[in-house]
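Below is one structure, written out as structure tokens; the observations come after it.
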Amino acid sequence: MQPNAIIFHGTGGSPEILWFPWLGARLGERGYAVDIPHYPGMNAEPVATLLPKVLAGHRFDERTVLVGHSGGAAFLLALLEHLDVTVAQAILVAGYSTRPNDADEPVLQAEYDWAAIKAHVRDIYFVNSTRDPYGCDAAQGRAMFERLGGTQIIRDDGHFGDYNQQYDTFELLDRLIG
């Protein structure tokens, strides 16, 4: 069975921006079936209505790799909690599990079943920055790491791509994905 990767953009994002197309092409070259879906409701519609769409729209199995950026990374927590399989990897880039600032965060659940999340992913990474302009910082990564284990990677690199931060490639992610 071919491994698959699903890359989730963040709030207000799309599949064509930042490092998403680059990572998709790199993984495709390595034999992955890659999906970089566009969810205009990411962190705009409640997670309870977005989650069933995502669960129905994708294949998840023991060879699936999930990558999320910002709001897409926060969404991965709910997705992992509600999967009925254990996926190979999840990489949360600039992720968070609590409100990182004073903005509404419909992508967040009120609470999480951390044991269920942990049971549904074999290998999890948290990639956060010391200076994230939105508060999706190393402290957010640490809070998730303390609940889920895995690997926390801390960089000093903003939001890993934003309207004012060019980020067309992301070599670290290519190296992390097994």
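By what distance, in whole Å, do the Cα atoms of the range 109-158 stretch along each of the three principal axes, largest value first?
So the extents along the principal axes, rounded to whole Å, are 30, 24, 13.
Among 12-20, 74-82, what's the highest-first ranking by average C-beta atoms within 10 angstrom per residue?
The most tightly packed comes first, giving 74-82, 12-20.
For the range 72-178, what ratio Rg/Rh do Cα atoms give with a Kirkwood hydrodynamic radius?
Rounded to two decimals, Rg over Rh is 0.95.
Return the carbon/sulfur percentage of the accessible area of the range 108-178, one whole number, probe 1.4 Å, all protein chains in place.
With neighbouring chains kept in place, the figure for the range 108-178 is 46 percent.
State to the nearest 20 debye the size of the charge dipole of the chain about its Cα centre, where the only charges are +1 on K and R beta carbons and -1 on D and E beta carbons.
Magnitude of the dipole: close to 380 debye.
For a quick check of understanding: with a 1.4 angstrom probe and all protein chains in place, what accessible area in square angstrom does HIS58 have, to the nearest ten?
For HIS58, solvent-accessible area is about 30 Å².
Can you pull the one-decimal nm distance between simple spin-label points at THR130 and ASP156, each 7 Å off the Cα toward Cβ?
It works out to 0.4 nm between the two label points.
Find the accessible area per residue for the chain; the probe is 1.4 Å, ligands and nucleic acids are left out, and the unit is Å².
Heavy-atom SASA per residue in the chain reads 43 Å².
What Kirkwood hydrodynamic radius do you get for the range 1-62 when you take the inverse of the mean 1/r over all pairs of distinct Cα atoms, in Å?
Every distinct Cα pair counted, the radius reaches 12.5 Å.
The values are calculated or read from the model by the stated rules, or taken from the named source; none is laboratory data. In this text the structure is predicted, and so the values were computed from the model without any measurement. Don't worry about glycine lacking a Cβ; one is built from the backbone with ideal geometry, like all the others, and counts go over all protein chains shown. In case anyone asks, the SASA skips ligands and DNA or RNA and just uses the protein heavy atoms, side chains included. Shrake-Rupley method; radii C 1.70, N 1.55, O 1.52, S 1.80 Å.
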